[in-house]
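Let me begin by presenting the structure, written as structure tokens, before commenting on it.
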Amino acid sequence: MERDKKIWVIGHKNPDTDSICAAIAYTDLKNKLGEGRYESKRAGQLNEETKYVLDYFKVPAPGYVADVGAQVKDIEIRTTGGVSNHISMKKAWELMKEENVVTLPVTTEQGQLEGLIITGDIATSYMDVYDNEILARARTQYKNIKETVEGTLLEGNEHGYFVKGKVVVAAASPEMMEEYITDDDLVILGNRYEVQLCALEMNASCLIVCSGSPVSKTIRKMAAERGCVVISTPYDTFTVARLINQSIPIKYFMRREHLVTFGTEEYVDAVKEVMSKERHRDFPILDPDGRYVGMISRRNLLNMKKKQVILVDHNERSQAVDGIGGAEILEIIDHHRLGSLETISPVFFRNQPLGCTSTIIYQMYQEKGIAITEKIAGLLCSAIISDTLMFRSPTCTPMDRQAAEALAQIAGIQIEEHAKNMFQAGSDFKSKSPEEIFYQDFKTFFAAEMEFGVCQISAMSQEELRDVEEKLTPYLERVLSERKLSMVYVMLTNILEESTWLIYQGGNARRIAEGAFHVRQAEGAGGLELRGVVSRKKQFIPAIMISMQEE
């Protein structure tokens with residue numbers, strides 16, 4: 001099965017403009033360097049500001065990925081071919097030996113899985129079946145019987161079916177045969193003419209003549225007139241009697257119900273859990289249309305090829321896309337504090353104290369001598385404007401401003417006008433639900449054995465932020481419950497006034513915030529005013545973590 005060998009470049013959950021634009025730009029750079037095949041992805045829904053930027057520069061959004069854990073399609077799937085339900089048990093056994101497998105998938109002409117036949121079913125047909133009418137009940141084709149006894153068709157239609165009667169061995173005299181041969185029986189016999197004649201007169205539907213014995217023209221003519229199938233086999237009667245049940249079509253014994261199958265898109269962690277509860281050795285794999293594509297066993301999980309990813313704009317496990325523990329991280333490009341991500345092997349890790357990841361990407365274009373296109377320049381510039389609040393954030397460095405100005409020239413945009421339009425698009429909250437507003441820029445953090453969340457909403461006016469506060473305040477209890485957090489904070493940041501109104505819920509959220517910024521909540525107020533605080537990364541998180549440790 002062909003695999004998707006592209007390396008995914010992906011930002012954090014609840015992506016902001018920098019997370020998306022950095023992923024797109026770094027993908028462009030890596031592909032131009034010819035170091036592999038790269039594709040940008042996103043781990044959440046786009047906010048309005050980012051949508052505006054992508055629409056303005058006519059760049060399609062990266063595809064959404066909910067989980068980067070290994071999937072069944074990342075495993076080496078064994079392409080054991082499907083077989084028809086008409087083949088004999090003997091043929092199935094031969095195929096199993098040839099393929100060195102214990103399970104065969106039974107499929108339709110359209111590739112749909114009908115059932116499974118395993119070695120245990122073949123053993124049952126051979127060892128545990130003593131019913132001499134089972135061939136008829138199983139509607140066994142004469143072609144199967146001929147192939148099983150390695151015979152030659154002398155008379156009759158091999159495509160017909162044995163549907164009535166029983167299997168008998170003509171080991172007695174013709175007089176005794178008349179007592180136990182009835183209409184439509186299949187008779188295993190030798191070279192005695194009178195026995196062959198008697199079987200035909202008793203209306204047998206099929207004669208199997210053993211030991212390669214010749215069959216006279218008279219017998220063949222009489223068989224043709226009566227519609228009786230005549231098969232000559234080199235085996236003796238004992239061997240034919242042993243083999244005959246193996247001619248039964250596998251559809252009679254195959255397993256049709258409660259089949260344990262997996263889809264190519266299923267995640268390996270879930271597959272492992274199911275496998276641990278099942279005794280089967282092999283499991284069929286189906287494509288998204290339900291067609292059979294191959295088999296896997298527990299052994300195949302050992303040769304699993306993990307998805308390869310490059311992370312941008314984060315290095316915290318709590319902020320990474322789901323399933324990151326099951327992926328192979330190749331690189332991390334970030335501008336935040338060192339977080340909790342761990343890797344199995346060494347990776348390329350570039351972390352710089354800049355205001356924006358996209359500034360680092362700009363530097364890398366410069367270092368590699370790769371020209372930046374107008375669209376990519378527009379995306380990188382927009383990301384820097386967004387992350388630095390148009391250079392107002394204390395995280396902004398001269399390098400960020402210099403990069404943004406150079407990129408604006410390439411993109412042909414005016415920074416102030418573009419920033420105004422971006423921020424206005426991002427602060428259109430009237431039609432949004434509390435959930436949509438809250439999760440457009442939300443991150444979780446760990447400190448002092450507690451997990452807490454911080455949402456930041458930026459707007460151009462205090463009036464817009466007041467509307468947001470009314471929507472979000474009653475929503476915070478739900479966030480605490482659903483996300484199982486100790487505390488949650490919302491930074492309502494006024495870009496023009498360079499200040500933040502902080503609301504919170506849970507635990508000691510209020511006392512920790514008061515201790516972090518040395519302010520007190522006014523009587524009757526629902527939050528704290530933090531003048532000059534606009535950066536979650538540089539101003540808010542460090543202060544909160546220090547305050548939590550001092551609790």
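The values are calculated or read from the model by the stated rules, or taken from the named source; none is laboratory data. Just so we're clear, the structure is a prediction, and the values are computed from it rather than from any experiment. Methodologically, a virtual Cβ is constructed for each residue, glycine included, from the backbone with ideal geometry; neighbour enumeration extends over all protein chains shown. When the accessible area is computed, the model is the full protein with side chains, heavy atoms only, and any ligands, DNA or RNA have been set aside. Shrake-Rupley method; radii C 1.70, N 1.55, O 1.52, S 1.80 Å.
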If a residue has to be touching a helix residue (DSSP H, G or I) at 6+ places or on another chain (Cβ under 8 Å) and at pLDDT 95 or above to count, how many in the range 229-256 make the cut? 5
Which of the residues spanning the range 328-342 are buried (at least 21 other Cβ atoms within 10 Å of the Cβ) and either of a type in the set (D, E, K, R) or in a loop (DSSP other than H, G, I, E, B) (or both)? ASP334, HIS335
Just checking, does the range 473-481 include any residue being farther than 26 Å from LEU338 by Cα, open to solvent by less than 60 Å² (accessible area, probe 1.4 Å) and within 36 Å of the chain's Cα centre (by Cα)? yes
Checking THR500 against (1) buried (at least 21 other Cβ atoms within 10 Å of the Cβ); (2) out of contact with any Phe, Trp or Tyr (no Cβ under 9 Å at 6 or more places or on another chain); (3) in contact (Cβ under 8 Å) with a residue 40 or more places away in the chain, only one condition comes out false. Which one? (2)
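Restricting to the range 227-252, what's the tally of residues that are assigned to a loop (DSSP other than H, G, I, E, B) and open to solvent by 30 Å² or more (accessible area, probe 1.4 Å)?
Restricting attention to the range 227-252, the residues satisfying the condition of being assigned to a loop (DSSP other than H, G, I, E, B) are 227-228, 233-236, 248.
Then drop every residue that is not open to solvent by 30 Å² or more (accessible area, probe 1.4 Å), which leaves 227, 234-236.
Count: 4.
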Of all residues in the range 343-363 being more than 30 Å from the chain's Cα centre (by Cα) and hydrophobic (A, V, I, L, M, F, W, C), which is most open to solvent (accessible area, probe 1.4 Å)? LEU354
Tell me, please, whether a residue that is more than 30 Å from ILE122 (Cα to Cα), small (Gly, Ala, Ser) and not in a helix (DSSP H, G or I) can be found in the range 192-210. no
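Yes/no per residue for (1) more than 30 Å from MET548 (Cβ to Cβ); (2) in contact with a helix residue (DSSP H, G or I) (Cβ under 6 Å, 6 or more places away or on another chain); (3) exposed (fewer than 15 other Cβ atoms within 10 Å of the Cβ); (4) in contact (Cβ under 8 Å) with a residue 24 or more places away in the chain:
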| position | (1), (2), (3), (4) |
| --- | --- |
| PRO394 | no, yes, no, yes |
| ILE410 | yes, yes, no, yes |
| GLU416 | yes, no, yes, yes |
| LYS443 | no, yes, no, yes |
| MET450 | no, no, no, yes |
| LEU465 | no, no, no, yes |
Does the range 8-29 contain any residue that is closer than 22 Å to THR388 by Cβ, touching a residue at least 40 places away in the same chain (Cβ under 8 Å) and open to solvent by 60 Å² or more (accessible area, probe 1.4 Å)? no
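In the range 212-226, what residues are touching a strand residue (DSSP E or B) at 6+ places or on another chain (Cβ under 9 Å) and either basic (Lys, Arg) or open to solvent by 40 Å² or more (accessible area, probe 1.4 Å) (or both)? Even if it seems obvious, please write down each step before you answer.
In the first step, residues of the range 212-226 are kept if they are touching a strand residue (DSSP E or B) at 6+ places or on another chain (Cβ under 9 Å); the result is 212-215, 219-221, 223-224.
The answer is GLY212, PRO214, ARG220, LYS221, ALA224.
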Among the residues in the range 517-539, are any open to solvent by 50 Å² or more (accessible area, probe 1.4 Å), of a type in the set (A, V, I, L, M, F, W, C) and over 25 Å from THR397 (Cα atoms)? yes
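Provide a single number: the residues in the range 396-408 that are charged (D, E, K, R) and open to solvent by 20 Å² or more (accessible area, probe 1.4 Å). Quick ask: steps written out before the conclusion?
Residues of the range 396-408 charged (D, E, K, R): 400-401, 405.
Among the residues that remain, those that are also open to solvent by 20 Å² or more (accessible area, probe 1.4 Å) are: 401, 405.
Total meeting the criteria: 2.
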Answer yes if at least one residue in the range 132-153 is touching a Lys or Arg at 6+ places or on another chain (Cβ under 8 Å) and closer than 18 Å to ILE219 by Cα, and no otherwise. yes
If you take just the helices (runs of 4 or more DSSP H) that sit entirely in the range 43-156, which of them hold at least 1 residues that are open to solvent by 30 Å² or more (accessible area, probe 1.4 Å), touching a residue at least 40 places away in the same chain (Cβ under 8 Å) and polar (S, T, N, Q)? 119-127
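Can you list the helices (runs of 4 or more DSSP H) lying wholly within the range 372-465 that have 1 or more residues being closer than 30 Å to LEU33 by Cβ and either out of contact with any Cys (no Cβ under 6 Å at 6 or more places or on another chain) or not β-branched (Val, Ile, Thr) (or both)? So that I can check it myself, show each step before the final result.
Details: elements: 374-387, 398-411, 415-426, 434-438.
Correct list: 374-387, 398-411, 415-426.
Criterion first (among the charged types (D, E, K, R), over 46 Å from the mean Cα position of the chain (by Cα), assigned to a loop (DSSP other than H, G, I, E, B) and over 15 Å from VAL229 (Cβ atoms)) does ASP183 satisfy it? Talk me through it step by step, then tell me what you get.
Values: among the charged types (D, E, K, R): yes; over 46 Å from the mean Cα position of the chain (by Cα): yes; assigned to a loop (DSSP other than H, G, I, E, B): yes; over 15 Å from VAL229 (Cβ atoms): no.
When the stated conditions are applied, ASP183 does not pass them.
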THR264 being hydroxyl-bearing (Ser, Thr, Tyr), over 25 Å from HIS159 (Cα atoms) and open to solvent by less than 50 Å² (accessible area, probe 1.4 Å): yes
Just need a number here: residues in the range 43-67 that are closer than 23 Å to LYS307 by Cα and in contact with a Gly (Cβ under 7 Å, 6 or more places away or on another chain). 2
Would you tally the residues in the range 351-377 being under 14 Å from ASN315 (Cβ atoms) and touching a helix residue (DSSP H, G or I) at 6+ places or on another chain (Cβ under 6 Å)? 2
Result of the Cβ filter at 8 Å on the range 472-491, keeping first residues that are within 17 Å of LYS432 (Cβ to Cβ) and free of Cβ contacts under 8 Å to residues at least 60 places away in the same chain and partners that are assigned to a loop (DSSP other than H, G, I, E, B) and open to solvent by less than 80 Å² (accessible area, probe 1.4 Å), at least 6 apart or interchain, is THR473/GLY526; LEU476/GLY506; VAL479/LEU485
